[in-house]
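The values are calculated or read from the model by the stated rules, or taken from the named source; none is laboratory data. Everything numeric in this text was worked out from a predicted model, so none of it was measured. Here the Cβ positions follow ideal geometry from the backbone for every residue, glycine too, while neighbour counts run over all protein chains shown. Side chains are part of the model used for accessible areas, which takes the heavy atoms of the whole protein and leaves out ligands, DNA and RNA. Shrake-Rupley method; radii C 1.70, N 1.55, O 1.52, S 1.80 Å.
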Amino acid sequence: MLSSQVADDGRRRSLHGHWSSRMAFVLAVTGSAVGLGNVWKFPYIAGQNGGGAFVLVYLVCVILIGMPVMMSEILIGRRGRRNPMATMALLGREEGHSKRWQWVGALGVVAGVLILSYYSVVAGWVLGYVVKSATGTFAGASAEQVSATFAGFTGSWQAIGLTHTLFMGLTIFVVARGVERGLEQAVRFMVPALLLLLVALLGYAINSGSFMDGVQFMFTPAWEKLSWGSVLVALGQAFFTLSIGMGAIMAYGAYLPEETSITGSTATVVAADTGIAMLAGLVIFPLVFANGLDPAEGPGLVFETLPLAFGKMPGGVFFSTLFFVLLSFAAWTSALGLVEPAVAWLVEHRNRTRSQAAVMMGFLVWFVGLGSVLSFNVLNEFTFLAGTIYDNVDYLTSNIMLPLGGLLITVFAGWIMCRNSTADELGGAGTMYKAWRGLARFVAPIGILLILINAVWPTIRATLDI
Ligand code: TRP
C-alpha cells in the first residue's frame, strides 16, 4: 500500500483520488463547515449564553484559534495523504518523533462518529420539516401551534427515529460513491443557494419590526453574563462550525492538489462560514423578539421561529419548503465530512471497499444515534452530568474532544513538525507564515488550555469535593 501511494516524482498520492480543482476543495470544505452548526446551533447557543459577549468571544476564537487550527489540519493532511490516523503516525515518525501521534487521529475518528450520531437526528428534524412545510402545516400558524408541532414531532421516537434513519441512509449513499463523484457534486450548488435564501430572509427580518432588538442582542456585550462555561461553549462552537479538531479537514486536505494555497483556501472558508452564521443570527433574533419568544429556549429555536415567520409570509409554503430543503443539503454535505475519517480508515486498514466501509460506519453511527433520538422523548428525564444523553454527547464532543484535538494538532504542526516542512506546505516563510506559526505555537494552544482549565476545573473540583 505504501509504495502505491508514492508517484514517480516522489510525491505522495492519496488512495482515494484528488479534488479536481482548488474550487472543488474550497467548496467541499465550505460544504462541511456550513451546516446545522451555523443555522441551528449558533443561534440557539448564542441565545442561551446571553448574546453579545458570547458572539464576540466566538468571533475571537474563530480568528485566533480556528484559523491556525484549520491551516494546520490542511497542511498535515496534504503532507501525509492518508487517513488522519495513518497520517499522524507517518508524520510523527518522519519528523523524528513518535508514531503515537496517531492517537490524535483516533480521537478524531471517534469524535466524528459521536457528532454524526446526534447531528443525524437533528438533520432528520430538518427532513421532517420539509414535509411539514410542503403540506402547509405552518400556514398562518400561531406561536403556540408552531411550538406544539415541534414538541409533538420530537416527542415521538418513532417519528424522529424514522427521519434519523432516512438521513443516515442518504449520508451512506453519497459517502459510498467516493470523493469526486459523490462529495464534490453535492456541494456545488447548495452553499450559494442557501446564502441567497438567507439574504432574502434577512430582508423579511429587517421589516419584522424588531430588527434592532435582534442586532442589539447579538452585538451588545453584557460581559457580566459571560462565565468561563460560556467561553468554553464559544470555543467549542468555533471548532464545531469550522469542522476542525477531529481530522475531517485533515482527511479533505489529503485530497488537495500540491499547488493550492492553504492560507487562501482557509480564509475563504472561514469568511463564508462565519458570514452564514452571522446572517442566520440576524434573521432569527429579530423574529424571536418580534414574536415574543425566548432566545434561550434551546435546540427548538430555529424550528419554531422560522416556520412562524414563513407562516405569515406570502408564498410562505414555498419558501419554507425551499429553506428546509437547502438546510437538509447543508447538513448532508457536513455529514459526509464527519464520517470521512472513519471510512478512509476502514478502507486503508481493514481492506474494505468504500461502499462496505460506508455501510458499516453508517450502521454504527445510526445505532449510537438512537441514544439521541430517545433523549427527546422516552428518556428525556434520564439526565446526568450535562443533561440528557444527547446533551452529554454534544458537550463531550464540541467542548472537550474538539478543543483537545485542536490543541494537539497545533502543537504537532507548531512544535513537532520542523520549520522546513510547514513552510514548504504553506508556500514559503513570509509574513503570513510567521503569523500562522506564532498563532499555532503560542496563541492557539495556550488559549485552548486556559479556557479548558478555567471552565472544566471548577466542575471537577465541585464533583470531587476538593
Ligand atoms: N461544521 C458542521 C456544521 O456547522 C458540523 C461539523 C462539526 C462537522 N465537525 C465536523 C462537519 C467535521 C464535518 C466534519 O454543521
Exercise. Of the conditions (1) assigned to a helix (DSSP H, G or I); (2) at pLDDT 90 or above; (3) away from the ligand (no atom under 16 Å from the Cβ); (4) closer than 23 Å to G152 by Cα, A309 fails just one. Which one is it?
Worked result: (2)
For this session: Consider L322 carefully, then state whether it is over 29 Å from I65 (Cβ atoms) and either at pLDDT 95 or above or not in a loop (DSSP other than H, G, I, E, B) (or both).
Result: yes
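Every residue, every condition in (1) modelled with pLDDT of 95 or more; (2) on the phi < 0 side of the Ramachandran plot; (3) open to solvent by less than 40 Å² (accessible area, probe 1.4 Å), yes or no:
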{"residue": "G387", "(1), (2), (3)": "no, no, yes"}
{"residue": "W415", "(1), (2), (3)": "yes, yes, no"}
{"residue": "D424", "(1), (2), (3)": "no, yes, no"}
{"residue": "G428", "(1), (2), (3)": "no, no, yes"}
{"residue": "V443", "(1), (2), (3)": "yes, yes, no"}
Exercise. Got a sec? Which helices (runs of 4 or more DSSP H) wholly within the stretch 57-174 have at least 1 residues that are of a type in the set (D, E, K, R), within 16 Å of the ligand (Cβ to nearest atom) and surrounded by 20 or more Cβ atoms within 10 Å (Cβ to Cβ)?
Worked result: 67-80
Seminar exercise, completed: Restricting the stretch 23-56 to residues that are near the ligand (Cβ under 9 Å from one of its atoms) and in contact with an Asp or Glu (Cβ under 6 Å, 6 or more places away or on another chain), the one nearest to F217 (Cα to Cα) turns out to be V34
Exercise. In the stretch 370-394, what residues are under 27 Å from M70 (Cα atoms) and touching a helix residue (DSSP H, G or I) at 6+ places or on another chain (Cβ under 8 Å)?
Worked result: Y390, D391, V393, D394
Exercise. In the stretch 325-360, how many residues are over 27 Å from L402 (Cα atoms), part of a helix (DSSP H, G or I) and β-branched (V, I, T)?
Worked result: 1
Exercise. List pairs: first in the stretch 287-314 and under 15 Å from W125 (Cβ atoms) and of a type outside the set (S, T, N, Q), second open to solvent by less than 40 Å² (accessible area, probe 1.4 Å) and part of a loop (DSSP other than H, G, I, E, B), Cβ under 6 Å, 6+ apart or cross-chain?
Worked result: P307/F138
Seminar exercise, completed: The condition from (1) within 26 Å of A277 (Cα to Cα); (2) surrounded by fewer than 22 Cβ atoms within 10 Å (Cβ to Cβ) that W332 misses is numbered (2)
